[in-house]
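Working notes, structure below.
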Amino acid sequence: MTTRPNILIFMVDQLNGTLFPDGPADFLHTPVLRALAERSARFSNCYTASPLCAPGRASFMSGQLPSRTGVYDNAAEFSSSIPTFAHHLRRAGYRTVLSGKMHFVGPDQLHGFEERLTTDIYPADFGWTPDYRKPGERIDWWYHNLGSVTGAGVAETSNQMEYDDEVAFHAEAEIYRLARTSDNPDRRPWCLTVSFTHPHDPYVARRQYWDLYTDCPALEPTIGTIPVDEQDPHSRRLYEANDYRSFDIGPEDVRRSRQAYFANISYLDGLIGRVSDALTRTRMADDTIVLFCSDHGDMLGERGLWFKMSFFEGSARVPLMIAGPGIPAATHLTPVSTIDVTPTIADLAGVDLGEVLPWTDGESLQPMMAGTRRTSPVLMEYAAEGSYAPLVAIRDGRWKAVHCELDPPMLFDLETDPAEQRNLAADPDHADILAGFMERIRGRWDMDRFDADVRHSQAGRWVVYEALRNGAYYPWDFQPLQKASERYMRNHMDLNVLEESKRFPRGE
């Protein structure tokens, strides 16, 4: 039997990494994730490459920053020619399967996955393209607004619950399919990615999970609403992008939104438990690496901000836990990035990193998990809705520096100011530190070129989308294929062979 490990990736959407300081926060009702944390390498300071769904996920899949993938926003095409971890693993003989969301934009809806079990929850076309030529213009039918906050509450089903229930169902069924070949010496190792859309807004949760947080101590934000005129320029842009003037957000709206968000983390814990339990019952758990992460975070009302789209901790920091054979359970405080996932998975699977590193901006976390000190900084980029020009950031040690050509710089000491309440960029005592970061930023990014590339991409997509929606429209959305005549029992099948082949374990 092959010694290469199987890989099970759980990805969730918009999960605030500050809620996972060392595994789940104490107030979260998450027994499955808590048990996973106890046996995991836990990366307490992991950051998204870009705090928005499509760019964050393209970077997670490829290990490349948005300036390299060209996936700047939620309607930018992810090119088929960019290698992903699914390509690297599949090339090495792995079976690669996706159940759930990955927000691929463009006609390629696989990007190295051999099979997708569900469609995506978000559209695959160019309809959500921002436009830097019209700064401040809202596209009301798809931009976030604060209706998710004022509408927070209880429901027994929703668009998103239907989706995640389906994702878990298909992932669990796939585990059983994979188990039926687990004792075959010629079997291929597998990588199954299970990607949910919760706890992404709208903040609506099932009663059984909602009630868990009735007396939760974390329903109030750490930092209350900051008046708009006291916010930094990018936060003011996000206020406008989220149409804050049309909504009257009160303290109860904030508490209900946070309660639903926490409830949906517990809902996810149950779904992840179903898939994990199937892995255990099919006797594959000991041979499988399990990775848990998110694409970006959620501000959850901190500073008066909601959703993501900024480099503040609630938006940019995400959980990352990795468990499996030979991986020591430990807490790692050194900052890392979601772009490190691709080389890490490849390294753990025994793929020659010489074949991977030319295609990634990240680095394997395997040496760090083995005790080697990491010195590379974390880089982030954002060039999507709510911005008028690209923003970049560097997290290095205790420091985080943020730059946009339109704005004054920001510099935070996260060791003494974890809530990022004191921008030290104008403090003479920190002038040398800021100058050092600005030198690194200028050396790493050509901001004028970055801005021009984003504008060129946006303008071209506006032309193409308008054309494609005029006349007959062929969607790029993934259409899962099911051969009904090959499922369950059909007259061209031998019943005896069928029943034995579908049973696991056999003969017990």
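The values are calculated or read from the model by the stated rules, or taken from the named source; none is laboratory data. Just so we're clear, the structure is a prediction, and the values are computed from it rather than from any experiment. Every residue, glycine as well, gets a Cβ built from its backbone with ideal geometry; the counts of neighbours run over all protein chains shown. Just so you know, the surface numbers come from the protein's heavy atoms only, side chains and all, with ligands and any DNA or RNA stripped out. Shrake-Rupley method; radii C 1.70, N 1.55, O 1.52, S 1.80 Å.
Worth pointing out:
- Note on region 127-270: the C-alpha convex hull projects to 12.9 nm² when averaged across all orientations.
- Cleavage-rule hits, chymotrypsin sites (Phe, Trp or Tyr not before Pro), region 112-159, DSSP coil, Cβ neighbours within 10 Å at most 11: TRP141
- Taking only protein heavy atoms and a 1.4 Å probe, the accessible area of the chain is 51% carbon and sulfur.
- Per-selection Rg to Rh, region 1-153 - Cα, Kirkwood hydrodynamic radius: 1.00
- Taking label positions 7 Å along the Cα-Cβ direction at both ARG133 and LEU468, the computed distance is 1.9 nm, reported to one decimal.
- Between 0 and 90°, nearest 10: helix 431-444 axis offset from the chain longest Cα axis: 50
- The string of couplings for region 130-145 from the Karplus curve (6.51, -1.76, 1.60, θ = phi - 60°) is x, 9, 5, 6, 10, x, x, 6, 8, 10, 4, 6, 9, 5, 4, 9 Hz, one whole number per residue in order, with x for Gly and Pro.
- C-alpha center-to-center spacing [region 408-447, region 132-201] in angstrom: 36
- Interchain or long-range residues, amide H under 5 Å from ALA425's placed H: LEU411
- Heavy-atom accessible area ranking, 1.4 Å probe, most first, across MET489, MET368, MET438: MET489, MET438, MET368
- The candidates LYS502, LYS483, arranged from most to least accessible area with a 1.4 Å probe in the full protein assembly, appear as LYS483, LYS502.
- Built amide H within the under 5 Å cut-off of ASP243, gap 5+: none
- Each label was represented as a point 7 Å from its Cα along the Cα-to-Cβ direction; for GLU439 and ALA484 these points are 6.8 nm apart.
- Rolling a 1.4 Å probe over the heavy atoms of the protein chains gives region 424-480 an accessible area of 68 Å² per residue.
- One decimal place: the segment THR331-ILE249 gains 25.8 nm when fully extended, by the rule 0.36 nm per residue minus the C-alpha distance.
- Cα-only Debye scattering, region 1-71: base-10 log of I(q)/I(0) at q = 0.24 Å⁻¹: -1.12
- Net length gained if the chain between ASP352 and ILE226 were fully extended (0.36 nm per residue, minus Cα distance): 40.4 nm
- Rounded tilt (10° steps) of 447-468 against the dominant C-alpha axis of the chain: 60
- A crude spin-label estimate for the pair ARG236 and PHE27, with each label 7 Å from Cα along the Cβ direction, gives 3.2 nm.
- The length gained by stretching the chain between THR280 and TYR143 to full extension, at 0.36 nm per residue less their Cα-Cα distance, is 45.2 nm.
- Interatomic Cα distance distribution for the chain, bins of 20 angstrom, percent: 23, 58, 18, 1, 0
- Span from the region 315-368 Cα centroid across to the region 1-75 one, whole angstrom: 11
- 0 to 90° range, to nearest 10: angle between helix 159-179 axis and the chain longest Cα axis: 40
- Per DSSP, loop trypsin sites (Lys or Arg not before Pro) in region 122-206 with at most 13 further Cβ within 10 Å: ARG133
- Evaluating 6.51 cos²θ - 1.76 cosθ + 1.60 at θ = phi - 60° for every residue in region 120-128, the Karplus couplings come out as 8, 7, 10, x, 9, 9, 8, x, 9 Hz, glycine and proline recorded as x.
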